[in-house]
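Following: one structure in structure tokens, then a few remarks.
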Amino acid sequence: MCKNHTIPEKNTSKNEKSIHDKEHSTWNRRSFIQALGLAGAGGIMLGHASVTASKPSPLSVALAASENDNILVIIRLKGGNDGLNTIVPIYDYATYANLRPNIRHQQSNLINLNADFAIPNYMGGLESVWGDGKMKVIHGVGYPQQNLSHFRSAAIWASTDDISVENTGWWGRYYEDLYPDYLVNPPEIPPAVQIGSIGDLIFEGNDSNYAFSVANTEQLANVAQNGVQHDVTNLPDCVYGDKLLFMRATTNTTIRYSSVINDAYMASSNSSSYSDENLAKQLAIVARLIKGNLGTKVYMVTLDGFDTHANQIDDQRGLLEDLSDSIKDFYDDLAATGMDDKVLTMTISEFGRRPYENGSNGTDHGAASPVMLFGAGLDGNGFVGTHPNLTEWDADDNLIPTSDFRDIYSTVLTEWFCLDPSVVSSILLNHNYQNLDLGITCQLLSNTDFSDTTRFVHIPIYQNNRTLIEINMPNTANVDIRLYDMMGREVGTLENKILYPGKHSIDVKEKIRTRLSYGQYIYRISTGGQFYSKSIQIR
Amino acid sequence: METIANPTCNSSTLALYEPSSQNPWDTRKINHVYRRLGFGASQDDVDAALSLTPGQFINSLVDTAHNMQPTPAPYWGYYSNDDFSDYETQNFEFFDQWRLQTTKDLLEENLRGRLAFFWMNHFVTRFGIYFHAPYAFQYYHIMQVYALGNFKEFTRAVGINPAMLIFLNGYENTNYSPNENYARELFELFTLGEGNGYTQNDITETARALTGYNEWDEENGAIYFDPSSFDDGVKTIFGQTGNWGYDDVVDILFQEKGSEIAYYISEKLYKFFVSPATDNIGQTIIQELAQTLINNNFEMVPMLKKLFKSQHFFDEHSVGVVIKSPFDVVLNFLKETDFYYNDTILNALVYYTGLVGQEIYDPVDVAGWQRDETWINASTLTGRWALIDEFLDYLDQNGHDSIFVDLAKALTNNSKDPNFITKTLVDHFMCKELYTLSDYDIATDIFKWEVPQNYYDQGIWDLDSNSAPYQVMILLKHIARMPEFQLK
């Protein structure tokens, strides 16, 4: 766990604040690189794997049965949004003003949401959304022992593990259970769609990343409008043009989800006229995908620039204006086809910012900050939780959180997506979190019996020179394990026999009779008519 | 699979390329040479070439290749089965060793390696058939010896090489039981081209003349001529009648069909080294190359020099039109990054090139790899990406990630501008500037990764930042996925 090493003192000079600490970050070295602006390539793509229809696992059946039509849009405010200048605590304006004499919002420049809290007056869009009852604010969201590194803290928000370094994200874990045979039998539609934030863990499973990811909006626009990643109509002349066409066209065929995305996009239109700003463009496309019934349940979009160490007034303003206008346009757009109650939008940010300003008219990394929720399903506007104490700070001079971000996730999973508590707990790494009153309630009477859904656990283990597959049999059954090379061709059978309940270890190199080269392979377990696949390294 | 749609737009001739201000001698041209004639250039290679004229540079590459000694024989190079202590195990071991050695040769030998490899796909044999590691060595040996030699003598030598005698059944071709396989492929694939100037009768008669190489003293030992299985009757080949033997076949073939052979070979070399499109240059460029070959009695060096020094070769329409083979992908990347590698990595990369369609010593069939667009389908393409991913991950996970930053620093003079770094790295691997400029923006967005934008704007970020190695790595992985990366 890393904590920021050099903590600025309360009364340091004005100059140093603009110089940032070199981040000591512990991001994850993963054995797969995910979707680098390359849409839909989760893990290894098996070109010629035998696509046998797989009977879903009991857990995935239970998950699928409890699914509803609700959609979540996550807006990542990248850099650490200054919450105090977003949701201004006018209940104690004097203290607020003293903390940040230069960068505070003037009282006359605020729109009151209620007697205690206000937003800057350039966020007229949100004023309207609040007025329509489609907005809630959760105060003081964070986690214990705030980490002040962008990378580490963003990883914590994505992985939900603030103690150890966890390489998977909350949604990655959900999809891993829903699609145990993903490498061989992926679903027809992308489980998630992500614009920007390449490298964010949120959709990362142990083996695959479950998002159709693009580096920027233009890339997604290209796929959505043309059904292809690379332009095959505008090309140079002569033989180079022929070869470039051929390469682009073939590359396009490898992108798994372009045509369903294109179909959804072309089946809909925007009934709002969005601005030309960054977030607006992203939400405009997302709106069309939702309205066009793509079927994807989770979207993530990214707005960068919140790391306002200097010049905060102007920099944050531009971003919050974009946020405000876009949300208004987005929900008007969804309302036009009656979908505004099916879509819940949530802002996340790796941290808030210091209560007091620095010497460069900005703020430094902080801790607790508000999470904003939007959607007609919220059952009216309101504030949730208590605002952090403005003058009692943690050891880094930061606001102490009054809500844990994982409580919000838990509530969303339970009350918005109607997942069984045992499933929610497992997604959140077997911790139980509080469900907050966000105005959303699961309407579904779940008659899915999760008690029968014992998870079949299998994992590769690397010990010195040996590569093992460890499986945990919940009951006696015949188990067939095959090994495939990364092109999807069967290399051999590792096991085909009856195994009794308990742990079993299969030594891959010992079991396979062919000589195995160093590299990536895939193993696929078949038991009880269900398939489970994972990638594995032979070293 | 269909190949070219358009005939070549290359109207340049085989006249000598002389640099000018509109058409300068620069890094792009040098990389073009190295990617075609070798397996890519290191920074040092490029710098050295910049100080030479194109003519001097090509001469040096060709002469060095021509004069290069073949790789020394391994101790088992001429073993027969009796010489092994444990045939099953050792045969595999030796073959693996030799594949690795060949790969290293390709990395180091520039044009000699490139041509040896070309000929291995012309005079095809398949290890899967002859299955004896010493034969693989002996076959490779003559590929090296004749790579820039005399094509006629090359043809003569390869037909009695044991790997070939086994692969195309020369070993079983006897006077009492003739086998036409080699005779057919000699004409159809090795010298004339399908249906081009030979009849079925020529094949039958030639097969008879090639009999006799049916004897060995030990299993998988040297194969030699034994008159008792030689058909010593009269044969008529290409209208010439006589009691022909092996050498006569070669002599008559080249004497009667010299022009056809020269054209066939010149066209093959042109397609390999210059462009798959030959539709409208047969009468000019190919014919001139063929004539050069004939005028030099099938010595290849003069023809190769003429081609490689020409305006036609350096014409921009020659650039970027060849689809990389799997070996090109791997070896060019190694050379152009100068990244660390070891035997484990090379062995793994050789395994992967096999998976994506190019197994060294084992082309798909006797016609060899057809190259060009046949290299690529959705499956082999994603395999190529996975191959690069594997290599980079290995480096990353084994403590070599600082070399990613070293590359970026060297190429950009330690720039802090993510746009510039990205463009420079992309352009380093591509033979032309990207046609769609917004593709640079996508690559830059990827390179920027999780680092907040203000770090770049305020100059806080640089290539010494903790995240920089990872950023360079993911950019490299993205570069390998760009369509242009597969073109050279």
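The values are calculated or read from the model by the stated rules, or taken from the named source; none is laboratory data. As the structure is a prediction and not an experimental result, all values here were calculated from the model. Glycine gets a Cβ as well: all are built from the backbone with ideal geometry, and neighbour counts include every protein chain shown. Note: areas computed on protein heavy atoms with side chains; ligands, DNA, RNA excluded. Shrake-Rupley method; radii C 1.70, N 1.55, O 1.52, S 1.80 Å.
Bridgeable lysines around B:K257 (alpha carbons under 18 Å apart, same-chain partners fewer than 8 residues away excluded): B:K152, B:K235, B:K268.
When the charge dipole of the protein assembly as shown is built from unit charges on Cβ atoms (+1 for Lys and Arg, -1 for Asp and Glu) and taken about the Cα centre, the candidate among A:T514, B:W375, A:L373 whose Cα reaches farthest toward its positive end is A:L373. Shape summary: the stretch A:363-404 maps onto an equivalent ellipsoid whose semi-axes, from the alpha-carbon gyration tensor, are 26, 11, 7 Å in decreasing order. Here the gap between B:S60 and B:Q291, fully extended at 0.36 nm per residue and compared with their Cα-Cα distance, gives a gain of 80.8 nm.
Within the stretch A:292-335, the residues that become at least 40 Å² less accessible when every protein chain is included than when their own chain is isolated (1.4 Å probe; DNA, RNA and ligands ignored) are A:D304, A:D307.
Think of chain A as having a plus end and a minus end, set by charges on the Cβ of Lys, Arg, Asp and Glu; of A:F383, A:Y210, A:N262, A:Y210 sits farthest toward the positive end of this dipole. Judged by the ratio a/c of the largest to the smallest principal axis of the C-alpha gyration tensor, the stretch B:102-197 counts as oblate, that ratio being 1.5 or greater while a/b is no larger than b/c.
Please tell me the relative contact order of chain A in percent, rounded to the nearest whole number, where contacts are Cα pairs under 8 Å and at least six residues apart. Relative CO of chain A lands at 22 percent. For the protein assembly as shown, a crude dipole built from +1 on the beta carbon of Lys and Arg and -1 on the beta carbon of Asp and Glu, taken about the Cα centre, is about 520 debye to the nearest 20. Are there GluC sites (Glu not before Pro) in the stretch B:254-338 that DSSP puts in a loop and that have at most 12 other Cβ atoms within 10 Å, and which ones? When the GluC sites (Glu not before Pro) of the stretch B:254-338 are filtered for loop state and at most 12 Cβ neighbours within 10 Å, nothing remains. Entry for the stretch B:297-390 at q = 0.19 Å⁻¹: log10 I(q)/I(0) = -1.02, Debye formula applied to identical alpha-carbon scatterers, no solvent contribution.
Computed with a 1.4 angstrom probe on protein heavy atoms, the A-B interface buries about 5800 square angstrom of accessible area in total. Scalar couplings 3J(HN,Hα) for the stretch A:117-133, obtained by applying the Karplus form with A = 6.51, B = -1.76, C = 1.60 to θ = phi - 60°, are 9, 9, 10, x, 6, 7, 9, x, x, 5, 4, 5, 5, 4, x, 7, x Hz; x denotes Gly and Pro. The chymotrypsin sites (Phe, Trp or Tyr not before Pro) of the stretch A:247-279 include none that meets both criteria, a DSSP state outside H, G, I, E and B (loop) and at most 14 other C-beta atoms within 10 angstrom of the site's C-beta. Centre-to-centre separation between the Cα atoms of the stretch B:23-93 and those of the stretch A:522-536: 44 Å. Diagonalising the gyration tensor over the Cα atoms of chain B and scaling each eigenvalue by 5 before taking the square root yields semi-axes of 45, 27, 18 Å, largest first. Pairwise Cα distances in chain A exceed 47 Å for 15 percent of all pairs.
Which aspartates and glutamates have a Cα lying under 20 Å from the Cα of A:K511, excluding residues fewer than 8 positions away in the same chain? Answer for A:K511, where 20 Å is the Cα cut-off: A:E470, A:D480, A:D485, A:E490, A:E495, B:E88, listed by chain and number.
With respect to chain B, whose longest principal axis is taken over its alpha-carbon atoms, helix B:418-429 is tilted by about 10°. Sparse packing (at most 11 other Cβ atoms within 10 Å of the Cβ) combined with a DSSP loop state is found for the following chymotrypsin sites (Phe, Trp or Tyr not before Pro) in the stretch B:172-259: B:Y176. Pairwise inverse Cα distances across the stretch B:345-488, averaged and inverted, put the Kirkwood hydrodynamic radius at 16.7 Å. Where only DSSP H runs of four or more residues are counted, the protein assembly as shown gives -11500 deg cm²/dmol as its mean residue ellipticity at 222 nm, each run worth -39500 (n - 2.57). Pairs with C-alpha atoms separated by more than 31 Å, drawn from the list B:K448/B:K488; A:K509/B:K409; B:K271/B:K416, are A:K509/B:K409; B:K271/B:K416. For the protein assembly as shown, what is the Kirkwood hydrodynamic radius in Å, using each pair of distinct C-alpha atoms? Mean inverse Cα-Cα distance, inverted, gives 32.0 Å. Centre-to-centre, using Cα atoms only, the stretch A:322-368 and the stretch B:356-427 are separated by 39 Å. What chain A shows is 36 Å² of accessible area per residue, with the surface traced by a 1.4 Å probe over protein heavy atoms. Rg ratio for the stretch B:35-115: its Cα radius of gyration over 2.2 N^0.38 Å, N being its residue count, equals 1.49.
Any idea which of A:V88, B:H66, B:F230 is furthest toward the positive side of the dipole for the protein assembly as shown, if Lys and Arg beta-carbons carry +1 and Asp and Glu beta-carbons -1? Working it through, the farthest residue towards the positive pole turns out to be A:V88. The residues packed around B:D328, meaning those with a beta-carbon under 9 Å from its beta-carbon, carry a net charge of +3 if Lys and Arg are +1 and Asp and Glu are -1. Segment B:I129..B:N181, full-extension length gain: 17.3 nm, with 0.36 nm per residue of separation and the alpha-carbon distance subtracted. Annotation: amide H-H contacts under 5 Å for A:L494 (H modelled 1.01 Å from N, sequence separation of 5 or more, or interchain): A:I481, A:R482, A:L483. Close amide H pairs (under 5 Å, H built 1.01 Å from N) link A:V384 with A:V137, A:I138, A:H139, residues at least 5 positions away or on another chain. Phi angles across the stretch B:247-260 convert, under the Karplus curve 6.51 cos²θ - 1.76 cosθ + 1.60 with θ = phi - 60°, into 3J(HN,Hα) values of 5, 4, 4, 4, 4, 5, 3, 6, 6, 7, 10, x, 5, 4 Hz, Gly and Pro given as x. In order along the stretch B:125-130, the Karplus-derived 3J(HN,Hα) couplings, from 6.51 cos²θ - 1.76 cosθ + 1.60 at θ = phi - 60°, round to 9, 10, 4, x, 9, 7 Hz, and Gly and Pro are given as x.
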